[in-house]
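The values are calculated or read from the model by the stated rules, or taken from the named source; none is laboratory data. What you are looking at is a predicted structure, and each value in this text was computed from that prediction instead of being measured. Here the Cβ positions follow ideal geometry from the backbone for every residue, glycine too, while neighbour counts run over all protein chains shown.
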Amino acid sequence: MSTGRTKKETLRVHIRWMIRRDMPEVLQTEQESFEYSWTEEDFLRCLRQRNCIGMVAEQGEKVVGFMIYELHKSKLHILNFAVLPAYRRSGVGGQMSAKLMSKLSSHRRTRITLAVRETNLSAQLFFRAQGFRATRVLRAFYEDSGEDAFLMQYSFANDSGDDGDDEAVNRITQFEES
Ligand SMILES: CC(C)(COP(=O)(O)OP(=O)(O)OC[C@H]1O[C@@H](n2cnc3c(N)ncnc32)[C@H](O)[C@@H]1OP(=O)(O)O)[C@@H](O)C(=O)NCCC(=O)NCCS
């Protein structure tokens, strides 16, 4: 369903915090999206962490997409991101990634990262279309299938796009503050 489609009309969605009541629709999207899908317990365990955020994309009353990400000192790290198959190629994923990008700034969180399975070509093409670039191969990253992942990264505006770690960015911050 998700490959090689003619472009549909852009579907305007409202993106808001995920709440407990969204879980059945989020789980449905998850199961329709991934071979190795997260369970409800996986979502809850993740969302209990203080730095973990869940958001949903809503069309009318219906949840058509979700994203889970972690807040780090200098970046956002996407852990899970999916759109209900029937709503794909309508710009929903693009609006979700734009929402994340709107949380970046030149002096605080400057990057968004995520790991994408090497076999998940549609996600690689999607994130590339949003301005992400593959920066590293993570060998045998997944316990389930043993496959590799590409680490993909989006960098805010004039950020160099280097695959630097948090330490490097923090040193710059310290320099600016001194
Ligand atoms: C990846 C995913 C989130 C994209 O969501 P979406 O709502 O379909 O994305 P959009 O409609 O905003 O797509 C924006 C652009 O990304 C690119 N793109 C998206 N899906 C693509 C695909 N299957 N093949 C090629 N390019 C694609 C296109 O350039 C597209 O623009 P276009 O439709 O004008 O050609 C969705 O396919 C999905 O849920 N996949 C399964 C879950 C998943 O793999 N998540 C990522 C985990 S790392």
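Go through segment 97-137 and count every residue that is within 14 Å of Ser155 (Cα to Cα), outside the structural domain of Ile78 (by TED's automatic domain parsing) and within 8 Å of the ligand (Cβ to nearest atom). Number of matching residues: 5.
When segment 124-161 is filtered for residues that are at pLDDT below 95, under 20 Å from Ser37 (Cβ atoms) and acidic (Asp, Glu), the ones remaining, listed by number, are Glu143, Asp144. Checked across segment 31-42, the condition of being within 14 Å of the ligand (Cβ to nearest atom) and touching a Pro at 6+ places or on another chain (Cβ under 8 Å) holds for at least one residue.
Let's see how each residue does on (1) over 20 Å from Ala82 (Cα atoms); (2) of a type in the set (D, E, K, R); (3) free of Cβ contacts under 8 Å to residues at least 12 places away in the same chain; (4) touching a strand residue (DSSP E or B) at 6+ places or on another chain (Cβ under 8 Å):
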residue: Ser106; (1), (2), (3), (4): yes, no, no, no
residue: Arg109; (1), (2), (3), (4): yes, yes, no, yes
residue: Thr113; (1), (2), (3), (4): no, no, no, yes
residue: Val116; (1), (2), (3), (4): no, no, no, yes
residue: Asn120; (1), (2), (3), (4): no, no, yes, no
residue: Leu125; (1), (2), (3), (4): no, no, yes, no
residue: Ala134; (1), (2), (3), (4): no, no, no, yes
residue: Leu138; (1), (2), (3), (4): yes, no, no, yes
residue: Asp144; (1), (2), (3), (4): no, yes, no, no
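Among the residues of segment 79-96, those identified as more than 7 Å from the ligand (Cβ to nearest atom) and aliphatic (A, V, I, L, M) are Leu79, Leu84, Ala86, Met96.
Listed here are the residues, each with its yes/no results for (1) touching a Cys at 6+ places or on another chain (Cβ under 7 Å); (2) surrounded by 11 or more Cβ atoms within 10 Å (Cβ to Cβ).
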position	(1), (2)
Ile15	no, yes
Glu30	no, yes
Glu35	no, no
Leu47	no, yes
Val63	no, yes
Glu70	yes, yes
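Looking only at residues in segment 95-104 that are of a type outside the set (Ser, Thr, Tyr) and free of Cβ contacts under 8 Å to residues at least 60 places away in the same chain, which one is surrounded by the most Cβ atoms within 10 Å (Cβ to Cβ)? Only one residue tops the list, namely Leu100. When you look at Tyr36, is it assigned to a strand (DSSP E or B) and among the hydroxyl-bearing types (Ser, Thr, Tyr), yes or no? Here the answer is no, as Tyr36 does not meet what is asked.
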